[in-house]
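The values are calculated or read from the model by the stated rules, or taken from the named source; none is laboratory data. Computed from a predicted model, the values in this text were never measured in an experiment. Counting neighbours? That spans all protein chains shown, and the Cβs are built from the backbone with ideal geometry, glycine included.
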Amino acid sequence: MNIWHQIIGNQPLAASLLAWFLAQFLKVLGSFKDGFNKEDLKKFVATGGFPSSHSAAVAALATSCGLVFGLDSAFFAIAAVLAVIVIYDAFTLRREAGRQAQVLNHIIDDFYNNKGIQFRRLKELIGHSRIEAFFGLILGILTAIVLFKNI
């Protein structure tokens, strides 16, 4: 079996990538309700938004490892700990960094409007709310289960 078949046949990897893709696709699809805009396509590779692709990918990885190797395996333990860290980081640290970016952008706007100096605005949507992370988690688990049953 060649390397590409091995990679494609790797259920935990396939589930993680599919869950990430589905989450990113849902972000783009959700923005079409107001009409198509080419800027909306950038959401496919952007961070933040609903649902969390980070949460979906690591939840799919952990779930797949549990289904394929067993819940008592080292693979599941590693993936589960990784998932907890990534999901916690997505809605705490990265969320706070986004809030700080909002404040700094407000300061930059005030400074620019009064002084005429240009600054590049900071990216504000870099983290997730708890609900975005939760639905990413659910999407990842469901993706892994569906993929596992179909392999």
Can you name the residue in the stretch 51-96 that is under 16 Å from the mean Cα position of the chain (by Cα) and surrounded by fewer than 16 Cβ atoms within 10 Å (Cβ to Cβ) and is also modelled with the highest pLDDT among such residues? 82
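Is it the case that the stretch 101-108 has a residue that's under 23 Å from residue 139 (Cβ atoms), aliphatic (A, V, I, L, M) and modelled with pLDDT of 75 or more?
No; the residues of the stretch 101-108 include none that is under 23 Å from residue 139 (Cβ atoms), aliphatic (A, V, I, L, M) and modelled with pLDDT of 75 or more.
Search the stretch 117-151 for residues being aliphatic (A, V, I, L, M) and at pLDDT below 70, and hand back the single one that is surrounded by the fewest Cβ atoms within 10 Å (Cβ to Cβ).
Result: 117.
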Out of the residues in the stretch 4-40 that are modelled with pLDDT under 85 and among the hydrophobic types (A, V, I, L, M, F, W, C), state the one that is farthest from residue 56 (Cα to Cα). 36
